[in-house]
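Q: The structure follows.
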Amino acid sequence: MAKPRVIREVRRDPLNRPPPQDISPHPWFTNETKVLYDEALRRGHRLEIYMSSLAEEKMREQSLRAAPRRLEVMGLLLGDVCSWGGRTYSIIRDVGTTDLENSPAKVKFDPSALPRLFNDLDRAGFDYVVVGWYHSHPGHTCFMSRVDLRTQKRAFTQGYHCSVVIDPVSREVRAFKLTGEGYSEVPFALVAPEALRFRRLKPLSSMGTEAETR
Ligand SMILES: [Zn+2]
């Protein structure tokens, strides 16, 4: 397979806009995550990550579909990096995925399916920033394994890059960011897509639920 070629790279300043106000916690938050979320709200809605319910639904459904066979799923988080009052935050608007090579303990994009991933991303319909990646841990709870951490350190090193981990069996979800040599949990909020005033957004029609179609 030909390696994907980056034909244009654009450096974009963060969009200057206030964070969404109409937010809610994810119903799959653990008590520990809920404490982090409440603490962030006490400090005046100071969250680093906002996730559209559209993106959340795609990730949840994809991971639930693969859960009976205990298969991991994964994909990219597409969105925006914004800044307000001297603080930077990211918005996960949508997700992108393709065919996967997956097992109960491992997942990666099927290399032969990468052209389709890139074609689909090109058709995303908005100028997205890849703000991180997501994958599932069916029945293993949510954390960053050594391999996950290596992936994060190799490909997602920007301050706004996060890793969302979903366990569709124990119904947990957590987001993490790199901190020093390790990682720490970062609480996030759900936002209705309407509240995000999408710019030129079209749905990623053929994406997000491919884990079981192979
Ligand atoms: Zn993992």
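Q: Answer with yes or no whether Glu61 is at pLDDT below 95, within 18 Å of Trp133 (Cα to Cα) and in contact with a Ser or Thr (Cβ under 8 Å, 6 or more places away or on another chain).
A: When the stated conditions are applied, Glu61 does not pass them.
Q: Filter segment 15-31 for residues that are outside any loop (DSSP other than H, G, I, E, B) and touching a residue at least 24 places away in the same chain (Cβ under 8 Å); which is surrounded by the most Cβ atoms within 10 Å (Cβ to Cβ)?
A: Of everything passing the filter in segment 15-31, Ile23 is surrounded by the most Cβ atoms within 10 Å (Cβ to Cβ).
Q: Can you pull out every residue in segment 130-141 that is surrounded by fewer than 22 Cβ atoms within 10 Å (Cβ to Cβ) and closer than 17 Å to Pro187 by Cα?
A: Within segment 130-141, just Thr141 meets the criteria.
Q: Here's something else I'd like to know. Give the residue that is surrounded by the most Cβ atoms within 10 Å (Cβ to Cβ), with candidates limited to residues of segment 33-76 that are away from the ligand (no atom under 16 Å from the Cβ) and over 24 Å from Thr88 (Cα atoms).
A: Out of the qualifying residues, it is Lys58.
Q: So, in segment 167-194, exactly how many residues are touching a strand residue (DSSP E or B) at 6+ places or on another chain (Cβ under 8 Å), in contact (Cβ under 8 Å) with a residue 12 or more places away in the chain and of a type outside the set (D, E, K, R)?
A: Looking only at that region, the number is 13.
Q: Among the strands (runs of 3 or more DSSP E) confined wholly to segment 86-183, which include 3 or more residues that are more than 13 Å from the ligand (Cβ to nearest atom)?
A: Passing ranges, in order: 87-96, 129-136, 172-179.
Q: Separate question: Please tell me if Tyr134 is within 15 Å of Ile92 (Cβ to Cβ) and at pLDDT below 95.
A: Judged against the criteria, Tyr134 is not a match.
Q: I'm checking my understanding of the structure. Among residues of segment 156-166 that are free of Cβ contacts under 8 Å to residues at least 40 places away in the same chain and within 19 Å of Lys106 (Cα to Cα), which one is surrounded by the fewest Cβ atoms within 10 Å (Cβ to Cβ)?
A: Phe156
The values are calculated or read from the model by the stated rules, or taken from the named source; none is laboratory data. Being a predicted model, the structure only gives us computed values, none of them experimental. As a convention, Cβ positions derive from the backbone with ideal geometry for all residues, glycine included, and neighbour counts pool all protein chains shown.
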